[in-house]
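The values are calculated or read from the model by the stated rules, or taken from the named source; none is laboratory data. In this text, all values refer to a predicted model and were calculated from it rather than measured experimentally. Every residue, glycine among them, receives a Cβ derived from its backbone with ideal geometry; neighbour counts consider all protein chains shown.
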Amino acid sequence: MARKLLLEHAHVEGIHTLEVYRKNGGYRAVEKALKSMSPDDVVEEVKKSGLRGRGGAGFPTGMKWSFIAKPDGVPRHLLCNADESEPGTFKDRYLMEKIPHLLIEGMILSSYALGCNSSYIYIRGEYMYVLQILEKAIAEAYADGWLGKNIKGSGFDLDLFVSPGAGAYICGEETALIESLEGKRGNPRMKPPFPAVQGLWARPTVVNNVETIAAVVPIVNEGGDAYAGIGVGKSTGTKLISASGNINKPGVYEIELGVSVEEFIYSDQYCGGIKNGKQIKACVPGGSSVPILPHYLITKTAAGESRLMTYESLADGGFATGSMLGSGGFIVYDEDQCIVRNTWNFSRFYHHESCGQCSPCREGTGWMEKVLHRLEYGHGKMEDIDLLWDIQRQIEGNTICPLGDAAAWPVAAAIRHFREEFEWHVNEPKRCMEKNYGLVKEKTFEPVNA
Amino acid sequence: MAQFPEGKQKSALLRVLHIAQAHFGYLSTEVMDYVARLLHILPIEVYEVATFYSMYDTNPVGKVKLEVCRTGPCMIEGAEKIVTYIEQKLGIKDGETTSDGLFTLKTVECLGACGYAPMLQAGEKFHEHLTEEKVDQLIETYRNKPVANYMGLENNG
């Protein structure tokens, strides 16, 4: 049975209340840290654990923490990124809704480690009902002395607040999130200066994903080494995966990193296989931004090895034949789905969500959406496919923030793996309205030299 | 506002706009100017934020906003059919409001309910695993009962 570190008690009746959460071992990690560990000890355990950012980028959390500047007399801030809006991702919402105190406990530990005395949870505006759950839990924590002045006699003070966004995907980018929290438009900032030096109100700031912060709780409880004992190589611990699409059991699953993709899709413990006994056509393993994989590259890498749910294995083969673990937004497509339509849908999303600051992204995402619309609705030309390829190349790497890359990658991967389906849309316009193209033919790949 | 340090009251803007919109129905210029005075910032600082974020309406909308998610996983599970169904049922197109001022239909991008698709948000409530019958039901419910838009605040606009 797979170990669960975050969702172990998710189904306990009343776990959203402080009382039940306490009975199930809640706030034990705060007691331990405040009594017997220095802030640096906590950072050290997180470093040892090998925990990597769960928001999508996978940057080592301990290292990120060690970058924070500590000038005298300047307050520092910890921000929790709960602006979850990557299509395919709904794990943070689940965690906050079910076990709000786990996030609060993680916030206390992380704030203690970083020396922050006022921390914020920035939550997307659409999750207004989750915001209310969090605020209620925070009020309980204040009343019981887990937040506020001199927490449990330790001398450590922490105020924790929740602040809503208002419907902008871009605010999940850390500098846009900071701008938004300052009450401005969510336009990402140029780096440097990095938030660790000048973030919120020009003060040193760390921004971490909900799941990352929650994972600090088991790390403090069990120790960094124990956490690092789970997983494979540099992919340590457990990860929440939000599974959606044409599968029998969509939902949020906590996996030990290193489970095989095959097991994740077909085992009854997880997705339970493809709906209606159909065949799998494609899979987006880490949220809409990551490259889509065709059926023959999902459970096996190009080299023929079994693909695992780890940062490394999902990326095996680079973008030529691999993808990314990303935020863990696992979307499965069956044989009846149209890749051109899906790519158009995602491009529309990125066009809608581009903040408009950088021309390649502001204009390019719109062009891609239009060209893909044309192809999908039977007015496309063969040159359009190369045109799309060209546009995405001009966006990637040419923008302030990664939204440009995130818009370019799914288009690039769709053309790379499903070119024949795009050509079919040109040759047989509107055919896909009646029947879809089905599975693409398997291609062989030259081995990539490392 | 007390959440933010002295002199950083502008940070409360997004929340204040949510409250204002829930109360007045939409953010008119008068409302935005009032918010600017409240937070001691320039009106333009409010306008630019109100027009940037997709949840704010600067034009009147219906008492109940039906926001249907149209992105990726929801599309696979039939979001387009749900939109068409609502369009026919209410006799409005995406972005329009019924003549009685009750319902506005809006398609929106991913709301983070991909595993429970298709879905829509009405006020602050999520309705998931939608079917035509469920849509019928919830439209009936909202016809008779106003929807909470923010922290239980109803639209009085």
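At pLDDT 95 or above, within 12 Å of chain B (Cβ to nearest Cβ) and more than 23 Å from A:Ser38 (Cα to Cα) - does that describe any residue in region A:70-82? Yes; the residues of region A:70-82 include at least one that is at pLDDT 95 or above, within 12 Å of chain B (Cβ to nearest Cβ) and more than 23 Å from A:Ser38 (Cα to Cα). When each of A:Gly404, A:Gly397 is tested for being surrounded by fewer than 22 Cβ atoms within 10 Å (Cβ to Cβ), within 22 Å of A:Ala320 (Cα to Cα) and within 22 Å of the chain's Cα centre (by Cα), the lone residue that passes is A:Gly397.
Selection over region B:115-133 of residues that are surrounded by 15 or more Cβ atoms within 10 Å (Cβ to Cβ) and out of contact with any helix residue (DSSP H, G or I) (no Cβ under 9 Å at 6 or more places or on another chain) gives a count of 1. When region A:276-310 is filtered for residues that are under 13 Å from A:Leu439 (Cα atoms) and polar (S, T, N, Q), only A:Gln279 remains. Inspection of region A:169-188 finds no residue satisfying the criterion of being of a type in the set (Lys, Arg), part of a loop (DSSP other than H, G, I, E, B), surrounded by 24 or more Cβ atoms within 10 Å (Cβ to Cβ) and within 14 Å of chain B (Cβ to nearest Cβ). All of (1) of a type outside the set (A, V, I, L, M, F, W, C); (2) closer than 26 Å to A:Val252 by Cα; (3) free of Cβ contacts under 8 Å to residues at least 40 places away in the same chain hold for B:Thr97 with one exception: (2). Evaluated against (1) surrounded by 17 or more Cβ atoms within 10 Å (Cβ to Cβ); (2) in contact (Cβ under 8 Å) with a residue 24 or more places away in the chain; (3) in the same structural domain as A:Asp225 (by TED's automatic domain parsing); (4) not basic (Lys, Arg), A:Gly62 falls short on exactly one condition, (2). What do you reckon, is B:Ile92 farther than 30 Å from A:Ile274 by Cβ and not in a strand (DSSP E or B)? Judged against the criteria, B:Ile92 is a match.
Inside region A:108-146, can you point out the residues that are crowded, with 21+ Cβ neighbours inside 10 Å and closer than 14 Å to A:Tyr21 by Cβ? Once the filter is applied, which keeps residues that are crowded, with 21+ Cβ neighbours inside 10 Å and closer than 14 Å to A:Tyr21 by Cβ, region A:108-146 yields A:Ile108, A:Leu134, A:Ala137, A:Ile138, A:Ala141, A:Trp146. If you check B:Ala22 against the conditions, is it buried (at least 21 other Cβ atoms within 10 Å of the Cβ), at pLDDT 95 or above, in a helix (DSSP H, G or I) and within 11 Å of chain A (Cβ to nearest Cβ)? Taking the combined requirement at face value, the residue does not satisfy it. For region B:44-61, filtered to residues that are under 21 Å from A:Gly356 (Cβ atoms) and more than 8 Å from chain A (Cβ to nearest Cβ), the residue that is surrounded by the most Cβ atoms within 10 Å (Cβ to Cβ) is B:Val46. I'm trying to understand the selection: among the residues of region A:271-289, which are closer than 17 Å to A:Ile255 by Cβ, part of a loop (DSSP other than H, G, I, E, B) and within 12 Å of another protein chain (Cβ to nearest Cβ)? Result: A:Cys271, single match.
So, of the residues in region B:101-125 that are assigned to a strand (DSSP E or B) and of a type in the set (D, E, K, R), which turns out to be farthest from B:Gly72 (Cα to Cα)? My answer is B:Lys125. The helices (runs of 4 or more DSSP H) found entirely in region A:311-408 that carry 3 or more residues being touching a helix residue (DSSP H, G or I) at 6+ places or on another chain (Cβ under 9 Å) and outside the structural domain of A:Ile265 (by TED's automatic domain parsing) are A:339-353, A:359-376, A:382-395.
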